[in-house]
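Trainee: Quick one: the structure is below, questions incoming.
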Amino acid sequence: MILEAAAELIVEQGAATLTHRAVAARAGVALGSTTRYFESIDDLRGAALRMLGDEVDLYLDRMERELASCEDLAECLAASMYDFLADPRQVHATMALVTAAASDASLRSLALRWTDRLTDLLAAHVGRARAVVAEVYLDGAMMHAALHDEPLTRETVTRALRAIFSMDETEGR
């Protein structure tokens, strides 16, 4: 309950704004409960961010299964990413991981779970250079979704991925 409250506050307001008081209020528990289980706000923040990272892993597990049986990689990946980009909570949770890692090097490996795993997943299908370019594009699409009311269209993402997947493998280096 406390950890879930902390994670939701991070998604809504960012990791830097997290306080024991805000978490206790959101969880509906006494302030002392948050400090009983989490000695410092950094401990609580880290645990909540790890929980959000676990959600990213579950999403990538599902994507990996979907892509394994896919005939048209660009279409399947665009469909999966569109579902992700159209879910503001998922987008903001992932952005929270990235922004927290940008200011705290101890969280970097947590944020890199998304980029590294997505790159590895795609590299098995299209090669490492194309996978890196596709992952960077999808990061940009995620940032776009975080800042706009609507994500890029599925068709736009599909066209961009087709172009990336058809580029010469040496172009991405």
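Trainee: Which condition breaks for residue 105 when tested against (1) within 25 Å of residue 10 (Cβ to Cβ); (2) in contact (Cβ under 8 Å) with a residue 40 or more places away in the chain; (3) not charged (D, E, K, R)?
Mentor: Single failed check for residue 105: (2).
Trainee: Further question: On the given criteria, is residue 119 hydroxyl-bearing (Ser, Thr, Tyr), assigned to a helix (DSSP H, G or I), closer than 17 Å to residue 138 by Cβ and touching a residue at least 40 places away in the same chain (Cβ under 8 Å)?
Mentor: No, not satisfied.
Results for (1) at pLDDT 90 or above; (2) in contact with a Cys (Cβ under 9 Å, 6 or more places away or on another chain), shown as yes or no for each residue.
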{"position": "52", "(1), (2)": "yes, no"}
{"position": "67", "(1), (2)": "yes, yes"}
{"position": "95", "(1), (2)": "yes, no"}
{"position": "110", "(1), (2)": "no, no"}
{"position": "117", "(1), (2)": "yes, no"}
{"position": "125", "(1), (2)": "yes, yes"}
{"position": "144", "(1), (2)": "yes, no"}
{"position": "154", "(1), (2)": "yes, no"}
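Trainee: Follow-up. Could you say which residue among 54, 83, 72, 61 is acidic (Asp, Glu) and closer than 30 Å to residue 22 by Cα?
Mentor: Sole residue among the options that is acidic (Asp, Glu) and closer than 30 Å to residue 22 by Cα: 54.
Trainee: If I filter the range 156-173 down to residues being modelled with pLDDT of 95 or more and of a type outside the set (Ser, Thr, Tyr), which single residue comes out as nearest to residue 95 (Cα to Cα)?
Mentor: 157
Trainee: Pull up the range 79-90, narrow it to residues that are touching a helix residue (DSSP H, G or I) at 6+ places or on another chain (Cβ under 7 Å) and without any contact (Cβ under 8 Å) to a residue 60 or more places away in the chain, then point me to the one that is farthest from residue 11 (Cα to Cα).
Mentor: Checked the range 79-90; the qualifying residue farthest from residue 11 (Cα to Cα) is 80.
Trainee: Whether any residue in the range 134-141 is part of a helix (DSSP H, G or I), under 20 Å from residue 65 (Cα atoms) and in contact (Cβ under 8 Å) with a residue 24 or more places away in the chain is what I want to check.
Mentor: Among the residues of the range 134-141, at least one is part of a helix (DSSP H, G or I), under 20 Å from residue 65 (Cα atoms) and in contact (Cβ under 8 Å) with a residue 24 or more places away in the chain, which makes the answer yes.
The values are calculated or read from the model by the stated rules, or taken from the named source; none is laboratory data. Given the structure is predicted, the values throughout are model-derived calculations rather than measurements. Note that each Cβ is placed from the backbone with ideal geometry, even for glycine, and that neighbours are counted across all protein chains shown.
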